[in-house]
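Quick note: the coordinates plus some simple rules give every number you see, no bench work behind them. As the structure is a prediction and not an experimental result, all values here were calculated from the model. We place every Cβ from the backbone using ideal geometry, glycine too, and count neighbours over all the protein chains shown.
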Amino acid sequence: MPYGSFHSYVAGDTVMQGIHAKIINQIALVKQPYFGWGLQVYRLPTLFVYTASDTTFVYNPTFNRFTPLYIFTAQEGDSICLPLLRAGGGTSYSGPLGDSTFCFVIDSIRMVKYDTAILKTFYTRSYTKTNAIKLNWGTAQRGAYVERIGSVFTGLIPSCSFGAPDASCVSLATDNAQDAGPLRCFRDATYHIKLVISDCENGGIRVSIPEDKLSKITISPNPANQHIYVDNLTEKDILKLCLYSSDGRLLRSVSHSNKMEISGLANGIYFLKLYSDKSPITSKIMIQQ
């Protein structure tokens with residue numbers, strides 16, 4: 001969408017409830033300030049997933065356990081109902097929550113070519129039953145998930161279908177805060193899939209920044225008055241810079257830049273948060289005009 005996209009990547013491994021799972025971080029890449037829907041990309045949750053017996057499970061904080069997300073043993077015509085996944089900050093639900101809170105039908109299963117790879121694709125459409133919510137991996141009428149990749153039309157988790165004939169999900173405020181468009185690219189040890197004509201990674205996102213490079217980061221000048229600079233990182237290394245006031249208010253942000261303009265801000269202590277493909281780094285900044 002015009003305001004940007006988001007970058008999901010495996011950040012490591014962890015053990016939750018005795019289960020070995022992958023940590024998937026999701027970082028918003030916002031091109032420009034956008035009020036309303038655009039702000040949703042700021043609330044992307046960290047996901048914890050594992051795959052067993054051809055089913056991918058995700059940790060579901062609504063039910064405090066791992067629940068199914070992608071079922072790769074499904075057959076054409078299967079009707080599947082799964083537990084609702086609370087997507088992140090600002091998401092709210094009303095009505096009863098049970099173990100079958102969103103439902104979909106497998107319309108067809110096909111082998112589809114995605115750039116350099118041919119992968120099994122499960123095309124889905126949502127349906128509503130009692131106490132169920134209309135979610136899907138795309139629109140209510142057409143969604144899809146793919147072996148190895150997951151969803152191709154929306155975020156990794158299913159999204160509410162705004163503007164669908166059945167607007168139940170709108171009234172229940174179940175958007176998943178991932179409305180940044182379809183999959184642009186996918187990379188793992190086997191595949192490098194590019195699904196757009198333009199730069200695959202929305203500005204040339206680096207897949208990995210060496211830890212020793214992160215350890216040498218400095219912010220200059222400090223104190224500052226017109227601009228602040230992130231030393232030792234290029235624009236492609238940085239996903240986003242955010243400047244916060246001492247009481248936690250977001251004041252300014254830039255994407256894919258190693259500098260930020262700060263003129264006009266009052267003297268005082270501020271905090272600069274740097275987002276890359278590693279854990280965010282926060283630095284204290286003093287501004288003296």
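How many percent of the alpha carbon pairs in the range 211-287 exceed a separation of 17 Å?
36
Rank these for me by crowding, K259, K113, going from fewest to most other beta carbons within 10 Å.
The most exposed by this proxy come first: K113, K259.
May I ask you to derive the FRET efficiency for L250 and I23 from their Cβ-Cβ distance with R0 = 25 Å, giving the value to the nearest 0.05?
Calculated transfer efficiency: 0.50.
For a footprinting-style exposure proxy, rank V10, V15 by other Cβ within 10 Å, fewest first.
Lowest count first: V15, V10.
Between V15 and K216, what length in nm is gained on full extension when 0.36 nm per residue of separation is reduced by their alpha carbon distance?
69.3 nm
Given a Förster radius of 35 Å and the C-beta distance between I118 and I281 as r, what FRET efficiency does 1/(1 + (r/R0)^6) yield to the nearest 0.05?
0.30
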